[in-house]
Amino acid sequence: MLLAAVLVLLLIGCFIALAIVRDLQWRRTDAYRAAILYPGAPILPLIGNLCELLFKNAVQTFAYARENAARYGGSYRQCINGNIILNVTRVREAEKILSSTQQIRKSILYHFLHSLMGDGLLCSKGSKWQQRRRILTPAFHFNILPRFLTIFQEESVKLVHQLDSLADGVQEIVLQPIVTSFALHTICETAMGVKLDAYEAADEYKKRVYEVGEMLVHRTMSPWLYSDWVYRFLGYEGPLSRALKPIHHFTRSIIRQRRKEFHAHRQYVQDSEENMYFGCKDRYAMLDTLLTAEAKQQIDEEGIREEVDTFMFEGHDTTAAAIMFTLLVLANEPDVQERCYAELRNYDATLAPLTVHDYQQLPYLDRVLKESLRLYPPVAFISRATTGDLTIDEATFGHNTIAHIHIYDLHRDPVQFPDPERFDPDRFLPEHVAKRNPYAYVPFSAGPRNCIGQKFALLEIKTVLVTLLNHFQLLPVTRREDVVFAADLVLRAKTPLVVKLVRRAA
């Protein structure tokens, strides 16, 4: 018994000694020398800065990142699991990464999304990413937007009907469930070409999507769960797999149905691509682009599932966040709201539905939306893993350094945006934009891996804002300064976002 105890102690001692030697060697690397040129908490032997993340819930994790940005006054570094992490909060580093055609590889955090989205456009890299991007780019061509606009307008009108009975200026309306449901129905019809309510499995799909989102967020915030083996050993993989099963079943069933319709109309394949996209009388869906690529043997069935799941998950949550926070801002800025409404009165939507061109002729609403996206970027955080060296001034970070780009803090750089918490749409007047570094404002990322669907998203957001503003006046309940954020895959308020509505006079 004593001998066994001695052997255990010896093994522990050897392990600690080896870890210390490895730590000392690591501190002589270029990565470490680059890291210490940036501010940050002391990097402790063996554990680095891991302790800073322990025992924090989602609200505390979000606040911790904001506290660091304020404490260090610029980009800062950490060391987690033996990896140097550069936390980017200023344009000097952001431009170097986002503008590069080399630094386009996503970090390990995106590996955790693989169980839901597979190796789709969001997570893929190299030649696969380039091929998928080429396949999907035509689906978001400017000339496709009018086909999507019809769906946006129909769903916006349904939202107005849903809210009309609550628009008495008294009832408090919680935005999250209503707006998220709107966005999910809209992306389902535009991405897959089906109405979500027509399927019995729709409610189960909605429920499981939110469950999986919470599980994935928990893992990204827990570095001790980054190992697949540890994640499986601690029992997390089973519940995730069970929640994913109905999601993938639903997606695959929709793809099968759409494929049957696709092959029943061979002109989708036989006609030129120009005719496919612009000459078809039927409703167009992103899935049609993928099925065309499948017919050309450019993508297989599993690849289609990956891309549909990617756009379904990413496409509804991000636009819902943008819509909610813009409505919150408008409720809290009555002068801004009324100026938007005055701009809309030049158009009478009862005579003819607004066109894509009409939505582009609303310069003040456009500035309001941009300023809302500055303060509340739906994707508040993105992450890359460097390919080769990344040199910023005198600091050279080696291959596979993790760079977290905190868009939320980048958009609050007082050098680029004086008095950053103030809501001021005039920051986006052309003369002010021209003086600002273009990488200081990146709500849809920037560079080679910018968001492929940003025109799609902006049109959807503008459509629902115009429809709601034409029918209702928004009154504040939740104040901007009272919003409590929680770390998530998209910017999310932990506390309800609440407004009141008053019907506008006919």
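Checking Thr391 against (1) buried (at least 21 other Cβ atoms within 10 Å of the Cβ); (2) of a type in the set (S, T, N, Q); (3) more than 22 Å from Tyr64 (Cα to Cα): exactly one of these is not met. Which one? Against the list (1) buried (at least 21 other Cβ atoms within 10 Å of the Cβ); (2) of a type in the set (S, T, N, Q); (3) more than 22 Å from Tyr64 (Cα to Cα), Thr391 comes up short only on (1). Total residues in the stretch 368-380 satisfying the condition of being without any contact (Cβ under 8 Å) to a residue 60 or more places away in the chain and within 11 Å of Asp488 (Cα to Cα): the figure is 0.
Does the stretch 414-425 contain any residue that is touching a Pro at 6+ places or on another chain (Cβ under 9 Å) and either closer than 16 Å to Asp30 by Cα or open to solvent by less than 10 Å² (accessible area, probe 1.4 Å) (or both)? No, the stretch 414-425 contains no residue that is touching a Pro at 6+ places or on another chain (Cβ under 9 Å) and either closer than 16 Å to Asp30 by Cα or open to solvent by less than 10 Å² (accessible area, probe 1.4 Å) (or both). Inspection of the stretch 362-381 finds a residue satisfying the criterion of being of a type outside the set (Lys, Arg), touching a strand residue (DSSP E or B) at 6+ places or on another chain (Cβ under 6 Å) and assigned to a loop (DSSP other than H, G, I, E, B). Scanning the stretch 477-489 for residues that are within 28 Å of Met215 (Cβ to Cβ), at pLDDT 95 or above and not in a loop (DSSP other than H, G, I, E, B) yields a count of 1.
At least 3 residues being open to solvent by 10 Å² or more (accessible area, probe 1.4 Å) and among the polar types (S, T, N, Q) is the threshold, and among the helices (runs of 4 or more DSSP H) wholly inside the stretch 91-139 those reaching it are 126-136.
Of all residue pairs spaced 6 or more apart or on separate chains, those with beta-carbon atoms under 8 Å, a first member in the stretch 74-90 that is within 14 Å of Gly48 (Cα to Cα) and a second member that is acidic (Asp, Glu) and surrounded by 21 or more Cβ atoms within 10 Å (Cβ to Cβ) are Leu86/Glu93.
Could you list all residues from the stretch 50-81 that are assigned to a helix (DSSP H, G or I) and touching a Ser or Thr at 6+ places or on another chain (Cβ under 6 Å)?
As a first pass, look at the stretch 50-81 and keep what is assigned to a helix (DSSP H, G or I): 50-53, 58-72.
Scanning the stretch 50-81 gives a single hit, Ala69.
Would you pick out the residues in the stretch 490-505 that are among the β-branched types (Val, Ile, Thr) and modelled with pLDDT of 95 or more? Residues satisfying the conditions are Val498, Val499, Val502. Picking from residues in the stretch 425-455 that are part of a loop (DSSP other than H, G, I, E, B) and out of contact with any Phe, Trp or Tyr (no Cβ under 7 Å at 6 or more places or on another chain), the one that is farthest from Ala94 (Cα to Cα) is Leu429.
Sort through Leu458, Leu468, Leu474, Leu501 and tell me the only one that's open to solvent by less than 50 Å² (accessible area, probe 1.4 Å), in a helix (DSSP H, G or I) and either in contact with a Leu (Cβ under 6 Å, 6 or more places away or on another chain) or of a type outside the set (Ser, Thr, Tyr) (or both).
Details: Leu458 fails: open to solvent by less than 50 Å² (accessible area, probe 1.4 Å); Leu474 fails: in a helix (DSSP H, G or I); Leu501 fails: in a helix (DSSP H, G or I).
Within the list Leu458, Leu468, Leu474, Leu501, the selection yields Leu468.
Against the list (1) touching a residue at least 12 places away in the same chain (Cβ under 8 Å); (2) under 24 Å from the mean Cα position of the chain (by Cα); (3) not in a helix (DSSP H, G or I), the condition Arg422 fails is (1). Would you call Arg147 within 26 Å of Thr310 (Cα to Cα) and surrounded by fewer than 15 Cβ atoms within 10 Å (Cβ to Cβ)? Criteria not met by Arg147. Screening the stretch 310-335 for residues that are open to solvent by 20 Å² or more (accessible area, probe 1.4 Å) and either within 17 Å of the chain's Cα centre (by Cα) or within 30 Å of Phe262 (Cβ to Cβ) (or both) and picking the one that is modelled with the lowest pLDDT gives Glu314. Every condition in (1) at pLDDT below 90; (2) in contact with a Lys or Arg (Cβ under 9 Å, 6 or more places away or on another chain) holds for Glu307 except the one numbered (1). Pairing residues of the stretch 101-117 that are of a type in the set (D, E, K, R) with residues that are open to solvent by less than 10 Å² (accessible area, probe 1.4 Å) and assigned to a loop (DSSP other than H, G, I, E, B), at Cβ distances under 9 Å and at least 6 apart in sequence or on separate chains, gives Arg105/Thr386; Lys106/Ser124. Only one of the listed residues (Arg266, Arg259, Arg252) is loosely packed, with under 12 Cβ neighbours inside 10 Å and at pLDDT below 90. That residue is Arg266.
For Lys206, which of the numbered conditions (1) part of a helix (DSSP H, G or I); (2) loosely packed, with under 14 Cβ neighbours inside 10 Å fails to hold? The number of the failed condition is (2).
The values are calculated or read from the model by the stated rules, or taken from the named source; none is laboratory data. This one's a predicted model, so the numbers in the text were calculated from it and none came from an experiment. Counting neighbours? That spans all protein chains shown, and the Cβs are built from the backbone with ideal geometry, glycine included. Side chains are part of the model used for accessible areas, which takes the heavy atoms of the whole protein and leaves out ligands, DNA and RNA. Shrake-Rupley method; radii C 1.70, N 1.55, O 1.52, S 1.80 Å.
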